[in-house]
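Step one of this worksheet: look at the structure below.
The values are calculated or read from the model by the stated rules, or taken from the named source; none is laboratory data. Predicted, not measured: the structure shown is a model, and the values here were computed from it. So basically every Cβ, Gly included, is an ideal-geometry build from the backbone, and we count neighbours across all protein chains shown. Ligands, DNA and RNA are excluded from the accessible area calculation, which covers all protein heavy atoms including side chains. Shrake-Rupley method; radii C 1.70, N 1.55, O 1.52, S 1.80 Å.
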Amino acid sequence: MYKIFDTVDEVSRYTAQRLLNKVQAKPSAVLGLATGSTMKPVYAQLIEFLQQAPADLSQLTTFNLDEYMGLSGEHAQSYSYYMCEHLFNKLSIPGHRVNLPDGMAEDVECACQTYSEAIQAMGGLDLQLLGIGSNGHIGFNEPLTSFSSRTHVVKLSEQTRIDNGRFFADQNEVPTHAITMGIQDILEAKEIILVATGSNKAHIMAELFHSAIDEALPASALWQHRNVTIVLDAEAAVLLRKSAWAEDSRVGLQGPIRLSA
Ligand code: F6R
């Protein structure tokens, strides 16, 4: 299902409301979380909703998608730091229920295996939140990652390192490797919400819309899933032709709720 809104604010309100609905319906929910600039307004909105109507978060468990290798939680560009700054410091989720891949793990292979097993031991993810890279990555699963992958170490593509260089003082500081939940881990989530906003996502969203299921475009793995919502603002949706919606016969997808002119 696609949801297309005019503004980032509307996208963030819709997505935060979906997260809140999940937590209210199932206080022991297991959420898969993402970082990146797309999620900042989503988390800000979720915090605002929870300030207006507090919910019991004591049974909630979270698993983040990914983390840079070689960055500790104290590093301002680590995803651990990001999550504390944008979400965890402002919510009362018990620390032992918050999970991120450990970018400093000594035995990284073991840490990866343990991460996927921990998700499975919790009964899997109830809801996975995803952004998308300009090359179609989900998590840090770069093009040609196996769709049957579990949590693993990935060498970041040059495109991703360039895209994410905007967060670092110097392009050379962008880590070369990361740990990411695998595509199979993501696909096993009961529900998935992919959010894309801004004109820099317009090309990849158009490509994804017309793509077959193909490991060259990691996000196309989502076409195999029965409960995916793709949430776009008008800028990210600008290259999707209205007529294209009618052509979409993929299982589980419906036409747009609203397509801005
Ligand atoms: C981050 C993640 C990535 C980002 C993607 C988009 O945890 O998994 O896939 O969602 O790179 O990043 P932004 O939102 O910064 O454009």
Among the candidates GLU74, GLU67, which residue alone is open to solvent by 50 Å² or more (accessible area, probe 1.4 Å) and either at pLDDT below 95 or of a type in the set (D, E, K, R) (or both)? GLU74
Can you name the helices (runs of 4 or more DSSP H) wholly within the stretch 147-213 that have at least 3 residues being open to solvent by 10 Å² or more (accessible area, probe 1.4 Å) and under 30 Å from MET104 (Cα atoms)? 158-164
For GLY36, are the conditions met, namely being part of a loop (DSSP other than H, G, I, E, B) and within 14 Å of the ligand (Cβ to nearest atom)? yes
Tell me whether the stretch 82-105 contains one or more residues that are in contact (Cβ under 8 Å) with a residue 60 or more places away in the chain and open to solvent by 50 Å² or more (accessible area, probe 1.4 Å). yes
